[in-house]
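The values are calculated or read from the model by the stated rules, or taken from the named source; none is laboratory data. All values derive from a computational prediction rather than experimental measurement. All Cβ positions, glycine included, derive from the backbone under ideal geometry; neighbour counts span all protein chains shown.
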Amino acid sequence: MARDLPPAARLPGALPGLAGRVLHALADIRLGAVPPAPLSRIAISALVCALLFGDSVPIVKVKPRTPVQARFNEGVASLEKGDLNRAEEAFRDSRRLDSAFVPAIAGLAAVLVKQGKVDEAAVNIREALARAPKNFSVQWVWARCLAAQKKMAEAESAYRSAAALAPPADFFVEFGDFYLLALRNSRLAAGQYRAALALDPQKAAARQGLGTALAATGNMQQAQAEFRQVSGSGADQSVSSYILGLQYLDQGQTSKALEAFTEALRLHGSHVPAYLARGDLYASRGDDRRALADYAAVVRLSPRNPLPHVRAGMVYQRANRLDLAEQEYLAATRADSRQAQAYNNLAWMAAERRTRLDEALAWARKAVALEPGNPQFHDTLGWTHRARGELDAAISVLQHASILKPRQPEILYHLGVVYGEHGRTREMAAAMKEALSLSQNFPGAEDARRRVPVR
């Protein structure tokens, strides 16, 4: 009983729905890599905070007339460079020189929010609010602090208060991201992106955000028009072509999607997400040579990125080139020890080949530990116990896997197989019947029908 790939390892021929994709797209824009799993439910988290707060600096420099102001400006410069430790040191020094200097208080709070020290940030920003409630930087940082504390209604109110104090275009981009990512309100997000464009019509992030928000509401024509207006660097325009490619995929227009991803790479040859997306599209078409070439390009551009190794491993596994698949999966785990998919696939291949079964058990357990709610990973663990001859353990694991959501007929079929090997024919028949009640078409369905007694 063989199958090309375990269910969890099947190639990503169908990506998540449009709302999930546009959120992926924003993640790609801000972080430069594709997240390893669909963002089916977005909440404020480390990832979303990085997306919301990663680009803009809410603190502005002042004229350095005193040592206090000069040290504060050094903090702003370090914050702009992303050097949080030096920024924190400079803002703390500025505060020590003048404990009532509001910009330094707000700057320190902004750094603490980005560092995840939200409670300490809240203490500082409340002091700044008491001293300067009409300072837009103070209100902006306060909004960030509330968002990081998951106080969404209060964060929205603080963003609105800051919006009334004549902030720059970067603020409205962030406010739009807050609506789109944290509150999932595409309509209000679009309004904030438009406010940013009113201040700076050339703001690429605002144009891309507006296009993403319009796409999330289903207004594809206007979304595409916004993306085509993006001006700026080749990297900016590449992002827009990439998002257009995702939209074409959502519409089932794979040829146009391929053209858009290729255009993104023409504009910016180091666009990792476009290489990954195009590679996935090639793989879904069975064009393994081109898919592997795109994944290899990602490895060159981003050597510590595990995703191209996982995807290449899937391609090799599907082609039954199992030694090469194993090499890729092991490379993925070396790049990131939390790659549950790679561990799962390694275990499945070893269990199917009945080789390296001690390692297979360790790999399967690692995958389950990393994603305990994934029924397919439990399925692989049970199948590994079966390969080791540990039928009681296999039954116990597969029984648990069979009730996890979403329920999958193939897991029930595997449970039935192990029941049969254990001599429990009545339970075998029951498991096979239940599998067939869920679907008449799954790997092993024909065998399941043969095992169900005819009355």
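For a quick check of your reading: which helices (runs of 4 or more DSSP H) sit entirely within the range 367-435 and have at least 1 residues that are closer than 16 Å to Arg449 by Cα, at pLDDT 95 or above and within 29 Å of the chain's Cα centre (by Cα)? Break it down into steps so the answer makes sense when it comes.
Numbers: elements: 375-387, 391-403, 409-421.
Where helices (runs of 4 or more DSSP H) fall fully within the range 367-435 and carry at least 1 residues being closer than 16 Å to Arg449 by Cα, at pLDDT 95 or above and within 29 Å of the chain's Cα centre (by Cα), they are 409-421.
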All-but-one check, Ala204 against (1) free of Cβ contacts under 8 Å to residues at least 60 places away in the same chain; (2) in contact with a Cys (Cβ under 9 Å, 6 or more places away or on another chain), failing number (2)
Within the range 340-370, restricting attention to residues that are without any contact (Cβ under 8 Å) to a residue 40 or more places away in the chain and aromatic (Phe, Trp, Tyr), which residue is farthest from Leu324 (Cα to Cα)?
Trp363
Just a yes or no: is a residue in the range 110-131 within 30 Å of Gln69 (Cβ to Cβ), touching a Ser or Thr at 6+ places or on another chain (Cβ under 7 Å), among the polar types (S, T, N, Q) and without any contact (Cβ under 8 Å) to a residue 60 or more places away in the chain?
no
Can you name every residue in the range 87-105 that is surrounded by 24 or more Cβ atoms within 10 Å (Cβ to Cβ) and of a type in the set (Phe, Trp, Tyr)?
Phe91
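Quick check: is even one residue across the range 147-157 within 23 Å of the chain's Cα centre (by Cα), free of Cβ contacts under 8 Å to residues at least 60 places away in the same chain and farther than 23 Å from Asn124 by Cα?
For the range 147-157, residues within 23 Å of the chain's Cα centre (by Cα), free of Cβ contacts under 8 Å to residues at least 60 places away in the same chain and farther than 23 Å from Asn124 by Cα: absent.
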Can you spot a residue in the range 250-262 that is among the charged types (D, E, K, R) and within 22 Å of the chain's Cα centre (by Cα)?
yes
Enumeration of residues in the range 58-89 that are over 17 Å from Lys117 (Cα atoms), modelled with pLDDT of 85 or more, hydrophobic (A, V, I, L, M, F, W, C) and touching a Gly at 6+ places or on another chain (Cβ under 9 Å)
Phe72, Val76
List pairs: first in the range 381-408 and closer than 22 Å to Ala342 by Cα and free of Cβ contacts under 8 Å to residues at least 40 places away in the same chain, second of a type in the set (Lys, Arg) and assigned to a helix (DSSP H, G or I), Cβ under 7 Å, 6+ apart or cross-chain?
Leu381/Arg365; Ala394/Arg386
